[in-house]
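This report refers to the structure that appears directly beneath it.
Taken together, the values in this text are just the output of simple stated rules run on the coordinates, not laboratory data. Fair warning: this is a prediction, and the values are worked out from it, not measured in the lab. Backbone-built Cβ (ideal geometry, glycine too); neighbour counts: all protein chains shown.
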Amino acid sequence: MIEGIGLEVWAQIATAVATCVLVILLYFTIKQFESQVEVSRIQTEFRFRPWIGPTGPITKMEKSISEDCQFDIAIKNYGELPASKVTAKFVKSTEPLTRDAINSPTATSYDLGPVMPTMEKHYWFFIDSELWQKAEAGISPLHTVLYFEYDHSGKKNGYGMLSKYSPSAKNFIHSDMWIDS
């Protein structure tokens, strides 16, 4: 031990060391809180939100409520928050379509209303009987775009799919699927 250093000096050195250790621990605590805030932000943006998407394929209904052929697709909210207003948009054509077709004047739109978490809703769309018969026989191609739009945090979100009817598979084959968020 160094002679001449009193107990008071040792107490001051110990206090200074303890203060430095406390400042370092406080710094790491604040860094931990920052990372927890970041995780909470990510959860809020991606986990705690509605996620609308299909539960299965597009199916042709046996009976139609009109003279046209009626088709059904089921959607579900896979998210943990309700989607307050879901709007379905549909476009059909014999020519190939793009994602932008949902904004065309030929697009039909229908308000499906709210979709709660784990809730499933069905959307029906119609295709002219003559066009359907040609597509089913392989005489004329049939392209469709389905898009389900909903709001979350003041922003438009959606799920879309471009499809083409395949007579050999007897089903719609999706060539593109996307999520807008």
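Descriptive notes on the structure:
- Read-out Kirkwood radius over Cα pairs in Å, derived from the coordinates shown; its label in (1) 15.9; (2) 20.4; (3) 19.9: (2)
- Relative contact order (%) - segment 52-180, alpha-carbon pairs under 8 angstrom, separation at least six: 26
- Under the convention that each Lys and Arg Cβ holds +1 and each Asp and Glu Cβ holds -1, the size of the dipole of segment 117-178 around its Cα centre is about 120 debye.
- Per-residue ³J(HN,Hα) for segment 145-156, Karplus 6.51 cos²θ - 1.76 cosθ + 1.60, θ = phi - 60°, Hz, x for Gly and Pro: 10, 10, 9, 10, 10, 8, 9, 8, 6, x, 10, 7
- Listed peptides 163-175, 102-114, 6-18, 75-87 by packing density, highest first (mean Cβ within 10 Å): 75-87, 163-175, 102-114, 6-18
- Karplus (6.51, -1.76, 1.60) ³J(HN,Hα), θ = phi - 60°, over segment 70-75, in Hz, Gly and Pro reported as x: 9, 10, 10, 9, 9, 10
- For peptides 138-144, 93-99, sequence by mean Cβ density within 10 Å, most packed first: 138-144, 93-99
- Mean projection of the Cα convex hull over all viewing directions, computed for segment 80-156: 6.2 nm².
- Potential lengthening between Ile139 and Leu25 on full extension [0.36 nm per residue; Cα-Cα distance subtracted]: 33.6 nm
- Whether segment 1-82 is rounded, prolate or oblate, judged on the alpha carbon gyration tensor where a/c under 1.5 counts as rounded: prolate
- Ordering 60-71, 30-41 by mean Cβ neighbour count within 10 Å, with the highest value first, yields 60-71, 30-41.
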